Amino acid sequence: MLIFLLFILGTANFAMQKAVLESRHPMLDALPGFYKRGGGRFSLAFEFVVLVVAMILTAQGWSGAAVAYGIYSALNLATAWLILSGRI
């Protein structure tokens, strides 16, 4: 059940990351070039690695990894909302 929840959170994180990258927010200009190059492929690959590691650790019985990924996802959601709503 936790693995499925992580998968859903991971899908949401990918969607939020892509939306922020496509927003062309001025704050993104401060990011290094390799991070933005190729439409943000590096950042999406990093997001994938974080998700896979969280899923592997959770599958091995480390439920704290699921909690940590949940907190990470909540922070991503809050940040994406602030950026996309124009509050930052």
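All told, Arg41 meets the bar of being more than 17 Å from Ala78 (Cα to Cα), part of a helix (DSSP H, G or I), of a type in the set (Lys, Arg) and out of contact with any strand residue (DSSP E or B) (no Cβ under 8 Å at 6 or more places or on another chain). Starting from residues that are at pLDDT below 95 and exposed (fewer than 13 other Cβ atoms within 10 Å of the Cβ), keep the ones in the range 61-75 and report whichever is nearest to Leu2 (Cα to Cα). Per the criteria, the residue is Ser63. Within the range 34-52, track down each residue that is at pLDDT below 90 and charged (D, E, K, R). Residues satisfying the conditions are Lys36, Arg37, Arg41. Of all residues in the range 63-80, those satisfying the criterion of being among the hydroxyl-bearing types (Ser, Thr, Tyr) and within 16 Å of Phe46 (Cα to Cα) are Tyr69, Tyr72, Ser73. Among the residues of the range 48-60, those identified as within 14 Å of Ile3 (Cβ to Cβ), assigned to a helix (DSSP H, G or I) and not small (Gly, Ala, Ser) are Leu51, Val52, Val53, Met55, Ile56, Leu57, Thr58. Total residues in the range 76-88 satisfying the condition of being under 12 Å from Gly10 (Cα atoms) and either among the basic types (Lys, Arg) or surrounded by fewer than 13 Cβ atoms within 10 Å (Cβ to Cβ) (or both): the figure is 0. Just a yes or no: is a residue in the range 17-34 under 19 Å from Ala78 (Cα atoms), surrounded by 14 or more Cβ atoms within 10 Å (Cβ to Cβ) and among the acidic types (Asp, Glu)? Within the range 17-34, none of the residues are under 19 Å from Ala78 (Cα atoms), surrounded by 14 or more Cβ atoms within 10 Å (Cβ to Cβ) and among the acidic types (Asp, Glu). Applying the criterion of being touching a residue at least 24 places away in the same chain (Cβ under 8 Å) and within 14 Å of the chain's Cα centre (by Cα) to the residues of the range 23-47, the residue that is nearest to Leu5 (Cα to Cα) is Glu47.
The values are calculated or read from the model by the stated rules, or taken from the named source; none is laboratory data. In this text, all values refer to a predicted model and were calculated from it rather than measured experimentally. Quick reminder, even Gly has a Cβ in these numbers, built from the backbone with ideal geometry, and neighbours come from all protein chains shown.
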